[in-house]
Structure formats: structure tokens, C-alpha cells
Amino acid sequence: MKNKLKLGQAAGVVAFAIIIGAASMNVHGAADTSKAKTKDINTVNAGVALDVNEMSNEAFSLTAGVTAKLAYAYSDISVSQNDTDVVTASAESAPADTAEADTAQEQIQTAAQLCGYTNLAMSAISSGNLNIRSEASTDSEVVGILTNHNACEIIEDAGDWFKVTSGKVTGYVNKEYLVTGDEANAIAEQELSTVATVNTETLNVRSEKSTDASILSQVGNSEAFTVNSVADGWVEINVDDSVGYISQDYVTLSKALPTAKTIEQVKYGDGVSDVRSSAVSYALQFVGNRYVWGGTSLTNGVDCSGFTMQIMAKYGISLPHSSKAQPSYGTKISASDAQPGDLFFYGSGKSISHVAMYIGNGQIVHASNKRDGIKVSNAFYRTPICVVRYF
């Protein structure tokens, strides 16, 4: 009588041991490590260890006490035992599951390869920002900033400097503050995240994974968000101080590393006062610092209203530590009339729950959330409830 045990399909190379009973016949003292390649049934006596690799359409009869170490590639493996204590292990080749094979391939790629980098460098600074300059000189113009553990592609070795591109910024960075090779790859593995990029004009952010759930806010085309999780056709993201859900049908998911921020937004046109320019430049110094609920320290941790309160205080404007209360201390204007230094207020319906400073060219700087800290975003990444002028 035969009792069959199906061990399932091995995706990749599966190694396992079959151990049966006590040695009862023709015991040999040495292990047979030969690679049998015949299609005949091969008999192996008790006590023999057999190492069989990458077998296809082959079978082995193993007497009691035999230990067989079998490695099969993409095969169905079955084991049976009959009344004479003979165990037969056999396999037939089976095609690999394409999805599983793709996943396995992705797992062996480095973070740099997954994100399209061929010559990766990562910023390594203890605090503050790292300047990207227009030329390989500390006297040249600052065209962008990196915070700690931001990724960039090295495109030229310029002595003590690397010419790099990171996000939308291209320029020169002092080599002293960048790491490359294995060290950069190790940091990148820790910083790798999944990003959802909106691919429709306006997308609702829901409070739950349902189109019947309340709308927390709306996000705009091309805005990118770090993904918390994906389930049931919904993507969980952080939108400022809240967790919300967006439909997977209207986003593109990809792997990404954090990159530089452009400071083109600080290059203003005519009509922007010196105090507005100064306020924005001051606010941008703190990009990359921590978000702390209830915090008021621009360096050690601050929340959204604490951030705007402290920035405005430097220019003699006193605001309460409350995003809901701050609008009443200024003059409401149209978003289309906004100038650098004006404040944008966001929330759900008419209830304000978040505030940011406009820095020009459709951009804001704000203390966003615990994950992202103080960051630069598109001013219309969600629909503002109101815009208020103080200067």
C-alpha cells in the first residue's frame, strides 16, 4: 500500500531532507555525493546520504534509513513509501510562476537599481541642510538643498566636488558630505520607500477605504506621497497630520529614495518685498527638521501652527499656536493673489486643521507630519480652505 505525501511546488531552488526509519540493510560508511543524471530509477542503500541537484523527470528509490538531500528547480516533488520500506522521491519540471519570478528578481536588485541609479551617492550630514551649488565652489550660487540620507546620481568627478543630479536639481556638492559604494547602498536600503504619484487632475483622500467615506482633502496631479500600505484597491498615505486613503486606480506606485529640494521658489519676481523674501528664506532654513505635535522649536521639533507662529514672530507678527485661530489675525485673500509669506490653510469642509507658508511659484513650506517633518510641497496638493495675508 502506498501513502503519498505531496510536498508542493518549489519556487526557486528548494533544499530539504527526507529522513526515514533506522538503518536496516546494506549500510555503507561513506556518503555518495555523485550527481546522478539518469532517467532510470536509482536505488540507494540505507545509511547513504545522497545529494541530488536540479533533477528533472527522474526518480530515486531510497531504502530505509537513507537521508536524501534533494535540490530541485521549479519542480513538483512527491515522496511515497511502500510496504518494503522503500521510499521513492521523484520530480517533474514545471514552469516558474512569472509573478513569483519577478518578485524574486526585484528582491535581489539593490535599492539604487530599483530607483534607476547607476552611480549612487547618499548625503551624510549630522544636522541642517547640505547645499547644492551651481559651480564647484562655496562662492557659487545655491541651487538646491539636500537633507540627511538624500540620494543623488553622480555625473562628474570634479576634484573635491561631485557634480550630481537629485530630484529636479543639478549642481555641485562637496564630496566630504557624500558617501558612495557599499556604504551608500546600505543607507539606501534603509531609506527605500514606495511612493504613490497621482495621475489624475484631482483625487479625493478618504477617511476610510470606501467611496462612501468622508473626504479628508483633495490632492493634485503629479503629487507624490510615501505609501504606508496597499490593500483592497486603496493606498494608505499621510496627508499632513492625518492618515487617509486614495484609490489605487488613480496613482502610479514606484520605489523611490528621498531627493533634493529645489530653491528656485526663493527667486522672486518684481513686487515681492524684502521682508517677504527674508521670511521665506528664513523658513526654508528649517526644511528637514522634525515634526512634533504641540512643538514650538524650529530646530528640535514643531507642528504646523507652531512653525508658522515662530516664523511670523521673527518679523513682529504675533499669532496663536492654533491653525484654526490664525486666520482671524490677518486678511483673507484669493489663492490666485497669494504672494510669498502668505499663509495657506487646509482641512476638511470648513474645518481648518493645517497651515503652511506660501513661498512662491505654487509652492509652500510646512511642518507636514512625523514621517516627513518640515518640507516643501505643491501649494495645491490639497484644496486650501482659505489664504490669509499678514505682511
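The values are calculated or read from the model by the stated rules, or taken from the named source; none is laboratory data. No experiment lies behind these values; they were computed from the predicted model shown. Note that we place each Cβ from the backbone using ideal geometry, even for glycine, and neighbour counts take in every protein chain shown. These accessible areas exclude ligands, DNA and RNA; they are computed on the full protein's heavy atoms, side chains included. Shrake-Rupley method; radii C 1.70, N 1.55, O 1.52, S 1.80 Å.
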Show the residue pairs meeting these rules: Cβ distance below 7 Å; 6+ apart or different chains; first residue within region 305-332 and more than 20 Å from K350 (Cβ to Cβ); second residue modelled with pLDDT under 95 and assigned to a loop (DSSP other than H, G, I, E, B).
M312/Y390; I317/Y390
So in region 353-372, with the set limited to residues that are farther than 20 Å from V292 by Cβ and in contact with a Lys or Arg (Cβ under 9 Å, 6 or more places away or on another chain), which one is surrounded by the fewest Cβ atoms within 10 Å (Cβ to Cβ)?
N361
Hey, E135 among the acidic types (D, E) and modelled with pLDDT under 90 or not:
no
Elements of type strands (runs of 3 or more DSSP E) in region 105-203, at least 2 residues being open to solvent by 30 Å² or more (accessible area, probe 1.4 Å) and under 23 Å from V227 (Cβ atoms)
193-198
In region 211-221, residue nearest to S368 (Cα to Cα) [restricted to those that are open to solvent by 40 Å² or more (accessible area, probe 1.4 Å) and free of Cβ contacts under 8 Å to residues at least 60 places away in the same chain]:
N221
Residues (in contact with a His (Cβ under 8 Å, 6 or more places away or on another chain) and more than 17 Å from A283 (Cα to Cα)) located in region 299-322
none
So is K350 open to solvent by 60 Å² or more (accessible area, probe 1.4 Å) and either in contact (Cβ under 8 Å) with a residue 24 or more places away in the chain or farther than 30 Å from S214 by Cα (or both) or not?
yes
Determine which single condition L319 fails, assuming it passes every other condition in (1) at pLDDT 90 or above; (2) of a type in the set (A, V, I, L, M, F, W, C); (3) within 20 Å of S377 (Cα to Cα).
(3)
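Kindly provide the set of residues from region 311-334 that are part of a helix (DSSP H, G or I) and crowded, with 20+ Cβ neighbours inside 10 Å, ordered by number.
I311, M312, Q326, listed by residue number.
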